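Here the structure comes first, spelled out in structure tokens, and everything after it is commentary.
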Amino acid sequence: MLTSRPPTGIDDVHPSEEMDGVHDLGGMHGFGPVARETNEPPFHAPWEAAVVAMMRATLQGAGLYNIDEFRHGIERMEPAHYLASSYFEHWLEGIVRILIEKGVVDLAELDARTAFFLERPGVPASAWARGAPVASVSSTRGPETSFRQPTVPPRFAVGAAVLARNIHPSGHTRLPRYARGKRGVIDAQRGFHVFPDTSAHGLGDQPQHVYSVRFDARELWGEVAEPGQRVYLDLWESYLQSA
């Protein structure tokens, strides 16, 4: 559940806190082991299933935003709130942020609805909706797959040694911090795909070749990693350079 009103602009979280901080795709050290719940159910409360339905209706159904915008909406959560909240709380806040930014949801109306249900926790969700006007929104729906027809040949062949670029983007990226500056080998070519770093910011598909890159675990984490272990990452071409 939302515990605070989400920020409404891309600058509400400083860029250095976006992908080089707690929101990094690869996670961070220092939080201890991941606690696994035995026989964990898909949802721990009915509202979590409702959030999934909201995402499917607005992303897959209405096409109001794309998967990269969705992910970047989550990445702009205030860091302390991000760490203190659950997985589906992340989804909910990301969805709300995007819908406010796109004018689908009015912030004042959201506050009013939140107050309405806080005062009446037992009423059904439809209680507010009766007689409420339906917002007119435009769809940004595009192809449902990230695959695109190649317009240039792949730069790297299978078996080529590569280096993940040591970059520090201020926006969305699918290059985890733990792989930046690390040496790997092209294991497979994955095709020509939409580039998330531009797609998340409304800058178009700008597709690139994607590769499965094989890293030795000790290259990534040093001697603390188990010997002989490998990590495979799907990385876009502009994330890589020849080693």
Check your understanding: Counting only residues that are of a type in the set (A, V, I, L, M), over 21 Å from residue 117 (Cα atoms) and part of a loop (DSSP other than H, G, I, E, B), how many does the stretch 38-64 have?
Key -> 2
Check your understanding: Checking residue 77 against (1) modelled with pLDDT of 90 or more; (2) in a helix (DSSP H, G or I), which single condition isn't satisfied?
Key -> (2)
Review point. Could you say which residue among 64, 107 is closer than 30 Å to residue 198 by Cβ, surrounded by fewer than 18 Cβ atoms within 10 Å (Cβ to Cβ) and touching a residue at least 24 places away in the same chain (Cβ under 8 Å)?
Key: 107
Revision key, fill the gap. Of all strands (runs of 3 or more DSSP E) fully inside the stretch 134-243, the set with 3 or more residues that are surrounded by 19 or more Cβ atoms within 10 Å (Cβ to Cβ) and modelled with pLDDT of 95 or more is 183-193, 208-216, 230-236
Check your understanding: Does the stretch 43-52 contain any residue that is exposed (fewer than 12 other Cβ atoms within 10 Å of the Cβ) and acidic (Asp, Glu)?
Key -> no
Point to revise | Any pair with Cβ under 6 angstrom, 6 or more apart, that starts in the stretch 83-101 at a residue that is surrounded by fewer than 20 Cβ atoms within 10 Å (Cβ to Cβ) and ends at one that is among the charged types (D, E, K, R) | key: 88/48
Review point. Got at least one residue in the stretch 191-210 being more than 30 Å from residue 64 (Cα to Cα), under 24 Å from the mean Cα position of the chain (by Cα) and not assigned by TED's automatic domain parsing to the domain that holds residue 71?
Key: no
**Study point:** Number of positions in the stretch 203-227 that are in contact (Cβ under 8 Å) with a residue 40 or more places away in the chain and not hydrophobic (A, V, I, L, M, F, W, C)
**Key:** 4
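The values are calculated or read from the model by the stated rules, or taken from the named source; none is laboratory data. Given the structure is predicted, the values throughout are model-derived calculations rather than measurements. For neighbour counting, all protein chains shown are included, and Cβ atoms are generated from backbone atoms with ideal geometry for every residue, glycine included.
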